[in-house]
Every structure is written in C-alpha cells, then in structure tokens.
Amino acid sequence: RASATASCVVGCAAVLLFLVVFGKDKQHLTDSARHLAARFAPTPAPTAQLAVAEAPPAPHFVPALEATADDGEVRRDLGRKRKKKQQRRTLAPSASPTTSPTAASTTKQVPEAGCESLNKKNECEAFEGCDFLHKACRPAITPKRILFVGNSFTIRNKMTNMVEKMAKERFNAKVYMAAWGSYTWSKHLDTASTRYAINYGGWDAIVFQEQSFFLSSPMYYHYSARAGQELYNATKGKTKRVLLFETWGYEYGRTLGDNYFLMQSRIQQGYRYAASKMEQLQDGTGFPPISIAPVGTTWAELYDNHKDSMYTYDSQHPDMLGSYITACVFYAQIFEDSPVGLSYRPKGVTPKEAEAAQKAAAKIVLG
C-alpha cells in the first residue's frame, strides 16, 4: 500500500511539472508569435489628415514643426496653420465671381472715434485713413522677414528685438540675425551659418553691417567692397532688398589726432563707396535694390545733446539709447513709416530721449 501511495504521489508530481513546463512554453510561443506578427505585419497607410512631408532640418532661426510631435500636436499645429490661412483670407480683398468689382474694392470709412477704436476681430478690413491695423488684426498680417548680418554693433542690447517690437505696434515682422563679435564682411563669407541664412531665401530685407575699422579707413575701402560684392551676389533671388548698416564714429575717433566727426565722415564715404561697387553687379537679372540705412547720420543729429547716453564705457559700442536710435532708423527705412508716436521704448531710455530718437530717425530717413 505504501508503495502504491508513493507511485501515486510521483505520478501526480510528474503531471503537474509537465503542465507547468508546457504552460510556460506555450506562453513563450504565444508571445513570440505576437512579436513576429507585429514586426512583419504590413504597415498601414498613413491617413491624409496627419501626413506631414519630411523636410531637411531647418536652421535655428526658422520655426519648424517638431519631428517628434505626437498626433495631437500635429493636429493642433495644422489647425493653427489652417486658422491663420483663414484669417489672411479675410484680409485679402479678392472678389468672388458673384461679387461686383465695385463692391469688392470699397473700403469702410474710419469711425468717428478714430482708428484706435477698431478693437473687434470682425473689423479687420482696410479702413480709409488708417495707416495701421488694430491689435486684434495684427497676428493675421503676413510678417516681413528681416535678416541682419553683422557683429557686436548689431548684437548689443538686442537691437534686432527692438525693431521687431516696434514693428508689431503697426505692422508685423520676424527679425533674425547672423552676427558674431568683431566679424567683418570677409569673415561672414567664410562662415557657413551666414551663407546658409542668406541662401534660405524668402527675405523681405537683408541688412549688412561691416566692421567700422575698415569702412572708416580709405586704404581698406576696396577690401570691404570686394567682400561686400560677394555677399551681395549671394542675395540674388533671395531677398527683396538689401540695406547697408551705416555705423557711427567712435566718441573720440579711431586713432590719435582723430575725432568723432572726422571718423563719421569717413564711414559715410566708405559705405557710399561699397554701395557703388555692389551696384556695379546689377544686370537686371534678379539683383535686389541697395540702399544705405543712415544710422550713423542719425547719431550725428543727436550727438551734441545725447552723446553721454549713446555710448558704453568703451566709447565705441552703443548703450541702450544708441541701440534704440539704430532700431528707429531701421523701422523707418524698412517700413517707410515714421517711428514718431510708437509706445515701445526699452528700459534705460527716458521718454524724452525716445521722442528725440524717433523724431531724428523720421527726419533723416523720411525727410
């Protein structure tokens, strides 16, 4: 009887061991099958709604859709783009086949309260007598894309951000920068980031700023002009216009026996020389027009009364007021609009100084 009992126990244990092992193997085989099925199953075709074209990596200054965005982020991004397109359509005065040309071209009169009273989103039309749109409509305006190529005179105090903030009060702008300290036009030619920025194209304006040392020294005019010609050649078909950033003289001149006024005069001559050499390349095949942004000339207008606030401790680089004067000039030059009355002014610039800078820029640029 004991022998029979032992045999029974051994048999039961064997059956249990078989079931456990078989069960584990079965589970392993099931998991493996699922893994292989998932790996080699045909990939379903993407839906048209979420199809996003693959593009080369965009430069750091160009906003782009993140490649790692999930479906929800893609939907939200596409939805925002669709909404912007619809807003732009409301601004475009296009006549439908059933609309008469007269009705399509009619613009509303300014309300009695004036342009500032236009504060509803359904009022985003062009009004006679209003030279700008109200805040609710500005996001729908296609921004001007502006690229600054320069050095520390461009970088200091975030001057390019000042231009963008001023522009958004009446227009819209996206301002980008390819600038590094002490850079010359020649050095920019050898910098891949600068060439990439220019070649990206679609610019409304590209601004070139040369190091003051070279364009304040007649013996180096030709050196800067040759580099400027190569940069200008790269802008062909990439921008609507080119601006040369005329800088300012150092507070005490560049060398012993020099002074601000002599250096400023040489800089003006240097930029005119460089512009004339660049214009020699124009052959009617896509070269953009060139003009000089008279920043240094505007500084000279304010020099006697505000020079203590225009320079930093080194008597060369701009202090906050100096950068604000520069921004006012570019605002007036690019948008062909007087900066007088703009509310934006950076910290460190008094209302009186801001008013003087705005009036000087309007006088020098617009006459």
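The values are calculated or read from the model by the stated rules, or taken from the named source; none is laboratory data. For clarity, every value in this text was computed on a predicted model and none was experimentally measured. Please note: Cβ atoms are built from the backbone with ideal geometry, for glycine as well, and neighbour counts cover all protein chains shown. The accessibility values were calculated without ligands, DNA or RNA, using every heavy atom of the protein model including side chains. Shrake-Rupley method; radii C 1.70, N 1.55, O 1.52, S 1.80 Å.
Exactly one of (1) open to solvent by 30 Å² or more (accessible area, probe 1.4 Å); (2) within 26 Å of Glu164 (Cα to Cα) is unmet by Phe335. Its number?
Here Phe335 clears every test but (1).
Of the conditions (1) on the phi < 0 side of the Ramachandran plot; (2) open to solvent by 60 Å² or more (accessible area, probe 1.4 Å); (3) under 19 Å from the mean Cα position of the chain (by Cα), Gly237 clears all except one; give me its number.
(1)
Can you name the residue in the stretch 258-297 that is open to solvent by 40 Å² or more (accessible area, probe 1.4 Å), touching a Lys or Arg at 6+ places or on another chain (Cβ under 9 Å) and not in a helix (DSSP H, G or I) and, of all such residues, is modelled with the lowest pLDDT?
For the stretch 258-297, the residue satisfying everything is Thr285.
If you go through the stretch 203-212 one residue at a time, do you hit one that is more than 22 Å from Tyr250 (Cβ to Cβ), open to solvent by 20 Å² or more (accessible area, probe 1.4 Å) and modelled with pLDDT of 95 or more?
yes
What number of residues in the stretch 298-318 are open to solvent by 60 Å² or more (accessible area, probe 1.4 Å) and over 15 Å from Val365 (Cβ atoms)?
Number of matching residues: 6.
For the stretch 143-173, which positions are over 21 Å from Met320 (Cα atoms) and either assigned to a helix (DSSP H, G or I) or open to solvent by 10 Å² or more (accessible area, probe 1.4 Å) (or both)?
Scanning the stretch 143-173 gives Pro143, Lys144, Arg145, Arg170, Phe171, Asn172.
Exactly one condition in (1) open to solvent by less than 20 Å² (accessible area, probe 1.4 Å); (2) touching a Pro at 6+ places or on another chain (Cβ under 8 Å) is not met by Phe245; state its number.
Failing condition for Phe245: (2).
Could you list all residues from the stretch 319-354 that are part of a loop (DSSP other than H, G, I, E, B) and either of a type in the set (Val, Ile, Thr) or farther than 14 Å from Ile364 by Cα (or both)?
Passing the criteria: Asp319, Val340, Gly341, Leu342, Ser343, Tyr344, Arg345, Pro346, Lys347, Gly348, Val349, Thr350.
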